[in-house]
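The values are calculated or read from the model by the stated rules, or taken from the named source; none is laboratory data. Bear in mind the structure is a predicted one, so any value in this text is a computation, not a measurement. Cβ coordinates were reconstructed from backbone atoms using ideal geometry, including for glycine residues, and neighbour counts include every protein chain displayed.
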Amino acid sequence: MPLTVRCLSPEELGLWQLFIAYAGLSAFIDIGFGPACERAVSFAWGGASQLKALGHDHSENEPAKENRPPNYQLLADLIRTISVYYWILAGGTLILACSLSFPEIWKKTEALSTANQLRAAGVFYIVSLSLGCVTYYWNLCLMGINGVRQAQITMLWGLVWNYLLLAGGLLLGWGLWAPVLGQVSMMVWNRFQSKRYFLALAGSTYKLAHRSALARMEIMITLWPIAWRTGLTTFGSYFINQGVLIEASMLGLGLAALGSYGITRQAVSVIAQLSSAWINVKAPLIYQLRTQNRCDEIWNIFLPRLKLMWLTWIIISLILLFAGPWVFTQIGSKTPLLPSSMIVFLCIMGILELNHQAFAILIYSENQNPFAWLTLATAGSVLLLGYFLIPSHHVWGLLLAQGISLAGIANWWIPWRALRGLKSGIVPRQGHTEIAR
């Protein structure tokens, strides 16, 4: 980040935010099958006898089951099926992302002296990430079979490749091509290394089952009820976080303002990634425990990690607030962070959003997704408020549109629903908490 804000102009940083926003359309085209597949892999690895459209095989009053071996044949059929799906997805993503992004990128770069170079970088980035959907599922599958440590190692080395190309490219004067090449190299590494780790962790039994695996339409039909709900949720989330940037650009918010917002939001996103790791690394285990109805164990894993998530967020947010502007001044950044009042607002909005995302994992573990209507309503509110607030209040209008809309219901309803689903009567017993049955 220090080299990025020092070597790239505010216009280039603003354009980079648009690249990211348009490349994010792949999540929208996915129609929710990615998260649904990850949870389905976890269920199969947890020993589920079959995949269900919604819910699990057991009833709420059924006693917890002991550990069960993975259902290798179900897992192999599932992965064979989703591999075919993601080939189709890559083609759809490429068509949509290119048709929507290229006109706006051409328009935004007309007055810039390096227009052709910036346009080429945008085309390469969007086309590469669209085609990257072909192997997207391997990282999901690795996480689904408890390959959390391997996934973290893969992501760590992917970040090394990313930052080496980013830093080297910026120092060599590559401009916007530096972050583009860094991101694409990280994607390629993560996809193929995730596949290698998955095959090693799944073992010879899976490889034997994979030989006879078939792509089965009934698997897609079974995943569809949870997938379309997740797809609508992803659709809404895209407009809450990325689509509103495109709206702001169309409403006249300049590239320099978008650059400051984007670099500050990126810093807050780093805080979110670090803080959420406490819970995210246990998500596959939580999904597997839910298939065995072991709710007490889930809560005893979840609650301490939720507290650590909040503590991590508070500490790093304070560092960003008090040291961030000074650091950017010292490194000679061409693009400043947002003012302190906006950073405070972003941090408060961010932890509340991260909190309800953590509780959403508990709901997803039920093989349920009641978020579609909620996320779409929130996205509609963000875009509507943004339409009225951004022209007059600029970046504050963008922030208020997001913050007010999220606080309306998502920030509090999702934790309430998660606790209710996990049988929220919490009573002490023998020095620890458990869910009252």
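Identify all residues within segment 325-341 that are β-branched (Val, Ile, Thr) and free of Cβ contacts under 8 Å to residues at least 40 places away in the same chain; write none if there are none. Working first, answer last.
First pass over segment 325-341, keeping only residues β-branched (Val, Ile, Thr): 327, 329, 331, 335.
Selection gives 329 alone.
Can you tell me which residue in segment 1-33 is modelled with the lowest pLDDT, limited to those that are over 30 Å from residue 222 (Cβ atoms), among the hydrophobic types (A, V, I, L, M, F, W, C) and part of a loop (DSSP other than H, G, I, E, B)?
Among those that are over 30 Å from residue 222 (Cβ atoms), among the hydrophobic types (A, V, I, L, M, F, W, C) and part of a loop (DSSP other than H, G, I, E, B), it is 1.
Please determine whether any residue of segment 301-322 is crowded, with 18+ Cβ neighbours inside 10 Å and not in a helix (DSSP H, G or I).
no
Considering segment 156-187 alone, what residues qualify as being surrounded by fewer than 19 Cβ atoms within 10 Å (Cβ to Cβ), assigned to a helix (DSSP H, G or I) and either small (Gly, Ala, Ser) or in contact (Cβ under 8 Å) with a residue 60 or more places away in the chain (or both)?
Matches in segment 156-187: 167, 168, 171, 185.
Considering segment 101-113 alone, what residues qualify as being loosely packed, with under 15 Cβ neighbours inside 10 Å and of a type outside the set (Asp, Glu)?
Of segment 101-113, the ones loosely packed, with under 15 Cβ neighbours inside 10 Å are 103, 106-107, 110-111, 113.
Hits for segment 101-113 are 103, 106, 107, 111, 113.
What are the residue pairs meeting all of these: first residue in segment 268-284, first residue closer than 13 Å to residue 144 by Cβ and in contact (Cβ under 8 Å) with a residue 12 or more places away in the chain, second residue of a type in the set (A, V, I, L, M) and not in a helix (DSSP H, G or I), Cβ atoms under 9 Å, and 6 or more apart or on different chains?
284/145
Scan segment 78-101 residue by residue and report those that are without any contact (Cβ under 8 Å) to a residue 12 or more places away in the chain and either farther than 17 Å from residue 125 by Cα or not in a helix (DSSP H, G or I) (or both).
Matches in segment 78-101: 88 only.
Of the numbered conditions (1) surrounded by 17 or more Cβ atoms within 10 Å (Cβ to Cβ); (2) under 21 Å from the mean Cα position of the chain (by Cα); (3) not polar (S, T, N, Q), residue 342 satisfies every one except a single condition; which is it?
(2)
Look at residue 322 and say whether it is modelled with pLDDT of 90 or more, of a type in the set (Phe, Trp, Tyr) and out of contact with any helix residue (DSSP H, G or I) (no Cβ under 8 Å at 6 or more places or on another chain).
Numbers: modelled with pLDDT of 90 or more: yes; of a type in the set (Phe, Trp, Tyr): yes; out of contact with any helix residue (DSSP H, G or I) (no Cβ under 8 Å at 6 or more places or on another chain): yes.
Judged against the criteria, residue 322 is a match.
Has segment 205-223 got at least one residue that is surrounded by fewer than 17 Cβ atoms within 10 Å (Cβ to Cβ), assigned to a helix (DSSP H, G or I) and of a type in the set (Asp, Glu)?
Yes: one or more hits.
Out of 50, 73, 117, report the one residue that is surrounded by fewer than 19 Cβ atoms within 10 Å (Cβ to Cβ), in a loop (DSSP other than H, G, I, E, B) and at pLDDT 80 or above. Can you show your working first?
Working: 73 fails: in a loop (DSSP other than H, G, I, E, B); 117 fails: in a loop (DSSP other than H, G, I, E, B).
Answer to the selection: 50.
Report whether or not residue 229 is in a helix (DSSP H, G or I) and surrounded by fewer than 23 Cβ atoms within 10 Å (Cβ to Cβ).
Yes: the conditions hold for residue 229.
When you check residue 36 against the structure, is it under 25 Å from the mean Cα position of the chain (by Cα) and at pLDDT 75 or above, yes or no?
Numbers: under 25 Å from the mean Cα position of the chain (by Cα): yes; at pLDDT 75 or above: yes.
Judged against the criteria, residue 36 is a match.
Which residue out of 93, 114, 135 is more than 25 Å from residue 14 (Cβ to Cβ) and of a type outside the set (A, V, I, L, M)?
135
Do we find a residue being among the aliphatic types (A, V, I, L, M), surrounded by 19 or more Cβ atoms within 10 Å (Cβ to Cβ) and part of a loop (DSSP other than H, G, I, E, B) anywhere in segment 258-270?
Kept after step one, since they are among the aliphatic types (A, V, I, L, M), are these residues of segment 258-270: 258, 263, 267-268, 270.
Within this subset, residues satisfying the condition of being surrounded by 19 or more Cβ atoms within 10 Å (Cβ to Cβ) are 258, 263, 267-268.
Remaining after also requiring part of a loop (DSSP other than H, G, I, E, B): none.
Within segment 258-270, none of the residues are among the aliphatic types (A, V, I, L, M), surrounded by 19 or more Cβ atoms within 10 Å (Cβ to Cβ) and part of a loop (DSSP other than H, G, I, E, B).
For residues in segment 374-431 being touching a strand residue (DSSP E or B) at 6+ places or on another chain (Cβ under 6 Å) and of a type in the set (A, V, I, L, M, F, W, C), which is modelled with the lowest pLDDT?
Top of the filtered list is 426.
Does residue 386 satisfy the condition of being in contact with a Gly (Cβ under 7 Å, 6 or more places away or on another chain) and surrounded by 15 or more Cβ atoms within 10 Å (Cβ to Cβ)?
Yes; evaluated as a whole, the condition is true for this residue.
Among the numbered criteria (1) crowded, with 21+ Cβ neighbours inside 10 Å; (2) at pLDDT 85 or above; (3) out of contact with any Ser or Thr (no Cβ under 8 Å at 6 or more places or on another chain), which one does residue 125 miss?
(2)
Being assigned to a helix (DSSP H, G or I) and surrounded by fewer than 20 Cβ atoms within 10 Å (Cβ to Cβ) is the filter here; which residues of segment 364-375 pass it?
Selection gives 372, 373, 374.
Go over the candidates 350, 324, 332, 386 one by one and state the one that is touching an Asp or Glu at 6+ places or on another chain (Cβ under 6 Å) and more than 30 Å from residue 53 (Cα to Cα).
Going through 350, 324, 332, 386 in turn, the sole match is 386.
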